[in-house]
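So the structure is just underneath, and the comments pick up after that.
The values are calculated or read from the model by the stated rules, or taken from the named source; none is laboratory data. In this text, all values refer to a predicted model and were calculated from it rather than measured experimentally. Glycine gets a Cβ as well: all are built from the backbone with ideal geometry, and neighbour counts include every protein chain shown.
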Amino acid sequence: MGAPRRNRRKFAKPKDIWNLQRINSDNALRAAYGLKNMKELWKAQSNLSRIRGNVRLLLSGNAPNQQMEPNIISSLSRYGIVGGGAKLDDVLDLNVNIFLDRRLQSVVFKKGLARTIKQSRQLITHGFIAIGGKKVSRPGYMVAAAEEQQIAYYKQVDINAGAQAPKQAGGANAQAEGEEEEAAGGPGAAGTPEIKGAGETGE
């Protein structure tokens with residue numbers, strides 16, 4: 001048996017944990033991107049904060065390794081977050097939305113492979129989405145720019161099946177109710193004379 005190790009948390013909680021404005025903003029992002037919980041949002045925010053911290057260190061000239069600049073730019077451009085000719089100052093203008101847009105869940109929804117952002121997450125976790133023919137079941141997978149065109153269904157699925165079921169069920173129920181009323185001599189019964197209101201001539 002291997003030595004037990006302590007898993008490190010991959011995100012940092014906000015310092016203003018009870019700030020109402022921040023809470024409302026985070027809840028809006030969570031709903032817009034179909035995130036499971038706040039941990040997924042905090043992970044993206046922590047990743048952005050780490051990158052911006054490294055950039056500030058490079059711009060200050062106090063970085064122990066000044067060769068980090070091309071590595072940061074090439075890594076971000078590989079994921080389509082910045083362009084190939086971006087500078088360090090451009091990285092400081094990034095926000096968390098750009099990182100959330102590169103998640104597999106967001107890309108699948110934008111490509112039209114799912115009707116809603118929540119359905120996109122469901123398709124991924126249930127193994128319906130593949131990248132380059134290889135199944136990927138992590139909604140938070142960061143999609144590289146070169147992989148975006150390789151995203152497709154791993155197995156065929158009808159994404160509109162769930163939306164049509166309630167309508168069909170409603171139609172069947174309405175038809176059944178109509179048949180019951182007809183059998184009971186209700187409003188839909190055949191041959192039942194219509195009762196005229198006061199003042200009607202019947203013409």
| query | Being surrounded by fewer than 13 Cβ atoms within 10 Å (Cβ to Cβ) and either of a type in the set (A, V, I, L, M, F, W, C) or at pLDDT 95 or above (or both), is that true of even one residue in the range 65-85? | reply | no
| message | Testing VAL108 on (1) in the same structural domain as TYR154 (by TED's automatic domain parsing); (2) over 22 Å from ILE151 (Cα atoms), one condition comes back false. Which one is that? | response | (2)
| Which one of the conditions (1) outside the structural domain of LYS135 (by TED's automatic domain parsing); (2) touching a Gly at 6+ places or on another chain (Cβ under 7 Å) does LYS118 fail to meet, given that it meets all the rest? | (1)
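Working carefully through the options VAL107, VAL55, find the one that is buried (at least 18 other Cβ atoms within 10 Å of the Cβ) and either at pLDDT 95 or above or within 18 Å of the chain's Cα centre (by Cα) (or both).
VAL107
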| note | Selection from the range 8-41 of residues part of a helix (DSSP H, G or I) and charged (D, E, K, R) yields ARG22, ASP26, ARG30, LYS39, GLU40
